[in-house]
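For reference, the structure is listed below as C-alpha cells.
The values are calculated or read from the model by the stated rules, or taken from the named source; none is laboratory data. Small disclaimer: the values here were computed from a predicted structure and weren't measured. Heads up, the Cβs are rebuilt from the backbone with ideal geometry, glycines too, and the neighbour counts pull from every protein chain shown. For the accessible areas, the whole protein counts, side chains as well, though only heavy atoms, and no ligand, DNA or RNA atoms are used. Shrake-Rupley method; radii C 1.70, N 1.55, O 1.52, S 1.80 Å.
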Amino acid sequence: MTQEHIKFGAIMKLAFENLRQNYKKYSILFLGLLVLSTLIYTFSTLTKTLGTNQTLIMTQDAPVFITGEVVLIMITMIYMGYLNRFLLNQAQQNKQLTQRLGDKQSKVIMVALVQLLMISISMVFLGVLVGIAVSQLVGFSIASTQGVVLKGFVGFHLLSLIDLILVFVGLPIVGLIVNKVHISGIMPKIHKEESRKYRNPWLVVVQLGLGVIGFLVAYYASHDILNYQTQSLALIITSVAILSGVYCVFNAFYPTVIQLLLKWPWFSKRKLHENTLNQLNTKLIHHVKGFSLVTLLLAVAVGAIAVTNSVTTVSIERANDNTFYDTVIYNHQPEVTEAVKQLPIEEKTTYHYKVDGKNVYMLKNELETQQLKLKVVDFGQPLINGNRLRYKTTSYQGENAKAELKHTISSSYELIQPDNDIWINTFELPTDVTYQDMSQSEFDQVQATSNEIQLIKTKGGIAQNWPALMAIEKLQLGDKMGNDRVGGMRNSQVGGQGITYFRNLSTEFAILKTFAIGISLALLITIISILIFKQWQSFKQDKATYQTMQTQGFQPSVIKKALFKEVLALFIMPLIPGVITTLIGLEVFNYLTVNIYQLSILPITICVVLYLVIAVLVAFVYQKKLLKTAD
C-alpha cells in the first residue's frame, strides 16, 4: 500500500514538474479551458437562476441557455479529446520523463491524466470565479433591456458548480480509458502514414468535381430547410453535401494546388517555398479529418455571429414597420412631462376620457376630427423576399377610432387607478363596461376626473430613441414593469405595443447575442487550440528539418520567414472553405431579409480579422520557440 502511494506521489510530482517547465507552452490550453469553464458555468447559472426570477420574463428563454450549455459541453468534449491526445503525445516524446518512469506506458498515461486533471480542476475554480462576475453582468444586462431590476439575483449557483465539476473531472477520466485502449493497440491510430507521391489523376479530378458539386448542392438544398414539408431531407442533403465539399477541399483541392506550385520553378525555387509546400503537404496528408473539423467549427462560429447580427438588425427595422406610434403617455407626473419634452416628436395625438364606475366617456369631437393612425397589412403589394408582409399606414376616425382606443384607455386607467371596476388583468375587456362618446358640454358634466392619453411618434422611430422612450416607460410604470396589468395596453397597437415589441426583441436578441458570442468564442478557442495541437505534434520533426537547413548554410532570416509562412498558411487553409460554408449557411436565413449577405459583411470581416490576428501571433510564437530550440 505504501509503495503504491509512493509511486502515485512520484507521478504527481513528475506531472507537476512537467507542467511547471512547460507552462508557457501550455498557456493556450489554460486559456481555452478557462473560457470554456466560464461559459458553461455562466449558461448553467443563467438557466437555473433567471428562469425562476419572477421580476424578469425569461422562463420562455431558458431553452436558449440550456441549448447553449449542451453545445458548450460538446465543444468541451472535442477540446478535451485533442488536449488529452496532445498531453499524451508530449509525455511519450519526453525521453527524460519516460526514463524516470521505467518506460512503462501505463505510468506515462497516468502522468498525462494527472496533468489534465490538474489543469481541469484549476480551471474549474478560476472559471467559477470569472463566471460569477460574467453571470452578474449578463443577467443585469438582459434585465436592463426589460427595464426591470433583478431582485436577489446572485451569479452563483451550487448546481452549476456541480455541473462544471462533473464535466471537467469526468472527461479526463474518459480520456484515461481512451488512452489505455489506444496504447494497447485495440484502437488503430487515427492518422496513418501514407505516401502521396503518386495519386491517380482521375481520382483527383473526381474529388475536385465532388467538392464543387457538394457546395452547389448544399447552397440550393439549404433553401428548403425551413420548408416543413422538405425540412428533414433538405437538412440531411445540405449536411452531407457540405461535409463532402469540405473534405474534398483538403483531400484534393489543396494538395493539387500545392503540387502545381511545386512544379512552377519560378515560385517553388524562391525563398524556401519548396520546403514550405512540402511541409504543408505532409500536414495535409496526416490531418485531413482534423482540418475538415476545424473548417466546420469555424463556419459555425462565424455564422452564429453573422446571423444574430443580421436578424437583430432586421427585427429592429420591423419594430418601426409594424406600429405607427412609438409610445403612449398616460401618467402626467412632472418628471414624465419633462422627459416627454426632450423627445424629438414628429406627431402627437391627444385623447381625453373620464371613468365613472364601469362607464368610460370619450370626447366625440376628438374621435371624429383627429386621425388615429395604425399600420395594417398591405395586401396589394408583393411580399418582401417571398414571405414577409408589407405594411401601410391607415387613418381611423369615429367609431373605428373608439374601438381601437378601448384597450389603451382601460389599461392606462388601470395603471394610474389600480382600484377600479373596469379592468381585471386580462387581455379581454369585460362585457359589462360601456364606452360612450359625447360632446364637450356633456363630457364636462360627468362627475369624474378628466384624464388624457398622448399617442407619440418620434423622429427616427423606436430604434433611434430607445433609451429616452425606455426611461419614460420606467417613470410611468415604476414597479409595475413586467406586470400583467399593462397587458391590455401592450395588446393594442395604439398603446405601447411598439415599444413593448421592441423591448421584447431587445431581450430576445440580448439572449441570442449572449448565446452566439459565447458559442463563437468557445469555438474560436477550440479551433485555435486544435491547430496549435497539430502544429506542436510536428515540433520535433520541424526542429530537425530547420536544423538541417541551418547546417546547409541557409540564412536565419530566410528560415524564419519560411517557418512563419508555413504556420500562417496552416491557419489560413481552413479559413477559405470555412467562409464559403458560412455563406451557404446564411442562405437558410435569407428569408428574413433581402440583404442578409450585406448585413453579414461586417461581422464576418471582424471574425476573419480576429482569426488572422491570432494566427499571426501563434505563427510568431511558434517560429520564435522553434528557432530558439534549434539553436
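Highest first, please rank the peptides 449-458, 553-562 by the mean number of other Cβ atoms sitting within 10 Å of their residues.
Working: 449-458: 18.0, 553-562: 13.7.
With the highest mean Cβ count within 10 Å placed first, the list reads 449-458, 553-562.
Please give the FRET efficiency for residue 92 paired with residue 474, using the beta carbon to beta carbon distance and R0 = 60 Å, rounded to the nearest 0.05. Walk me through the numbers on the way to the answer.
Values: r = 62 Å, r/R0 = 1.04.
Working from the Cβ atoms, E equals 0.45.
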*Given the pairs 375/474; 358/406; 341/474; 402/459, which span a C-alpha to C-alpha distance of over 21 angstrom in this model?*
375/474; 402/459
*How far apart, in nm, are two points set 7 Å out from the Cα along the Cα-to-Cβ line at residue 378 and at residue 539?*
6.4
*Taking the simple approach of a point 7 Å from Cα along Cα-to-Cβ for both residue 322 and residue 620, what is their distance in nm?*
4.8
*residue 20 to residue 74: extension gain in nm, 0.36 nm per residue of separation minus the Cα-Cα distance?*
16.5 nm
_Estimated distance in nm for a label pair at residue 555 and residue 281, the labels positioned 7 Å out from Cα along Cα-to-Cβ_ = 2.7
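For residue 348 and residue 441, FRET efficiency with R0 = 25 Å and r from the beta-carbon atoms, rounded to 0.05? Working shown, then result.
Details: r = 26 Å, r/R0 = 1.02.
With R0 = 25 Å, the Cβ-Cβ based efficiency is 0.45.
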*Leaving ligands, DNA and RNA out of it, report the carbon-plus-sulfur percent of the accessible area of segment 518-562 at a 1.4 Å probe.*
59
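Ordering 326, 444 by how much accessible area each has at a 1.4 Å probe, largest first, what is the list? Could the numbers behind the result be given before it?
Working: 326 5, 444 90 Å².
Ranked from most to least accessible, the order is 444, 326.
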*With a 10 Å radius around each residue's Cβ, average the other Cβ atoms per peptide and rank 570-577, 532-539, 264-271, highest first.*
570-577, 532-539, 264-271
